[in-house]
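Values quoted throughout were computed directly from the atomic coordinates according to the rules given, and no laboratory measurement underlies them. Because the structure is a prediction, the values reported are computed rather than measured. Cβ coordinates were reconstructed from backbone atoms using ideal geometry, including for glycine residues, and neighbour counts include every protein chain displayed.
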Amino acid sequence: MKTLTKTHEGRVALVTGAAQGIGQAIAVALAERGAQVIATDLTRPHETVEKIGPTAHAFQLDVTQEEDWRSVSIKGRDVGEVDIVVNNAAYFPNRSIDELDLPTWRKTMATNLDAQFLSAKYFLPGMRRNKWGRFVGISSNMVGLAIPGMSHYIATKMGIIGFMRGLANDVASDGITANAVLPGLTNTLATAPQSEEQKRSTWEQQAIKRLGEPADVTGAILFLTSDDAAFITGQAIVVDGGQYRIG
Ligand SMILES: NC(=O)c1ccc[n+]([C@@H]2O[C@H](COP(=O)([O-])OP(=O)(O)OC[C@H]3O[C@@H](n4cnc5c(N)ncnc54)[C@H](O)[C@@H]3O)[C@@H](O)[C@H]2O)c1
């Protein structure tokens with residue numbers, strides 16, 4: 001049974017790509033721990049807010065658009081200073097290097113990587129004022145796997161780890177941490193098109209032989225965004241049932 005200790009009481013947490021899948025699970029889990037959640041997505045994530053209840057807020061935020069970050073940082077002030085940012089939204093089309101074009105490359109960079117920088121630009125000042133903050137970037141264990149057609153995606157997911165390592169240095173003196181979480185194959189709409197056979201061939205490589213669920217990913221994020229993880233920064237935590245073992 002999950003603990004319902006209110007470890008995040010008094011915190012305001014913004015989650016991107018929170019309309020479904022892992023992002024929705026993160027938003028719900030943070031709210032269960034007492035955080036006031038700002039759930040964001042390409043369109044306002046109503047379903048997530050309904051699941052959480054009246055304490056949650058839903059905003060439209062296309063993470064590739066600086067204007068949207070600016071606007072949410074202003075609207076969010078009514079909720080309170082944002083203490084926790086979880087960058088979860090991602091773009092991940094499969095394209096072999098021969099098919100990959102520059103617009104697809106750039107959209108992948110903008111969604112998966114620019115967003116990390118923009119979130120720091122708009123929410124770091126408030127965290128500095130409060131002398132407390134948490135950035136978590138959702139990466140992927142795919143950075144260590146031999147999966148074809150994903151060079152652009154893997155580049156961004158390694159980039160997230162690099163950005164968090166660098167950001168950690170610049171913000172540490174103000175009680176702010178920056179870490180990456182690397183899920184393995186997880187049961188979401190994004191992975192639904194894979195056949196059961198394809199999914200099985202992945203999870204059979206894990207120590208824990210089952211497909212991961214969105215709720216399996218949330219524990220690492222709850223920990224990293226809590227006071228318990230105050231001395232953990234610049235790290236990459238793999239949450240994949242034990243598939244990827246080189247850290
Ligand atoms: N599902 C997996 O197997 C898996 C494995 C490893 C890592 N991940 C990572 O976990 C995260 C969530 O994956 P998921 O499976 O829940 O994906 P998903 O496709 O189910 O959900 C992603 C959400 O991001 C939103 N989004 C996409 N582009 C956006 C943009 N520009 N601005 C704002 N929102 C945008 C989508 O609308 C959607 O609600 C991603 O970062 C993904 O790379 C997933």
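Give me the residue from the range 155-167 that is within 15 Å of the chain's Cα centre (by Cα) and of a type in the set (A, V, I, L, M, F, W, C) and, out of that set, surrounded by the most Cβ atoms within 10 Å (Cβ to Cβ). Looking at residues that are within 15 Å of the chain's Cα centre (by Cα) and of a type in the set (A, V, I, L, M, F, W, C), I get 160. Can you find even one residue in the range 105-128 that is farther than 21 Å from residue 18 by Cα, within 16 Å of the ligand (Cβ to nearest atom) and of a type outside the set (Gly, Ala, Ser)? The answer is yes; a qualifying residue exists.
Filtered by the rule that a residue be charged (D, E, K, R) and within 15 Å of the ligand (Cβ to nearest atom), the range 1-49 gives 41, 44, 47.
One residue stands out in the range 24-59 among those that are in contact with a Lys or Arg (Cβ under 8 Å, 6 or more places away or on another chain) and assigned to a strand (DSSP E or B): the one that is surrounded by the fewest Cβ atoms within 10 Å (Cβ to Cβ), namely 59. Of all residues in the range 60-67, none satisfies being polar (S, T, N, Q), within 13 Å of the ligand (Cβ to nearest atom) and crowded, with 22+ Cβ neighbours inside 10 Å.
Taking the criterion of being aliphatic (A, V, I, L, M), crowded, with 24+ Cβ neighbours inside 10 Å and farther than 9 Å from residue 31 by Cα, the residues of the range 4-18 that qualify are 14, 15, 18.
For the range 68-79, the tally of residues that are among the aliphatic types (A, V, I, L, M) and either assigned to a helix (DSSP H, G or I) or near the ligand (Cβ under 10 Å from one of its atoms) (or both) stands at 2.
Of note, residue 137 does not satisfy the criterion of being within 15 Å of the ligand (Cβ to nearest atom), in contact (Cβ under 8 Å) with a residue 24 or more places away in the chain, buried (at least 18 other Cβ atoms within 10 Å of the Cβ) and farther than 22 Å from residue 12 by Cβ.
Just name the residue that is surrounded by the most Cβ atoms within 10 Å (Cβ to Cβ) out of those in the range 189-214 that are within 12 Å of the ligand (Cβ to nearest atom) and within 14 Å of residue 240 (Cα to Cα). In this case the residue turns out to be 212.
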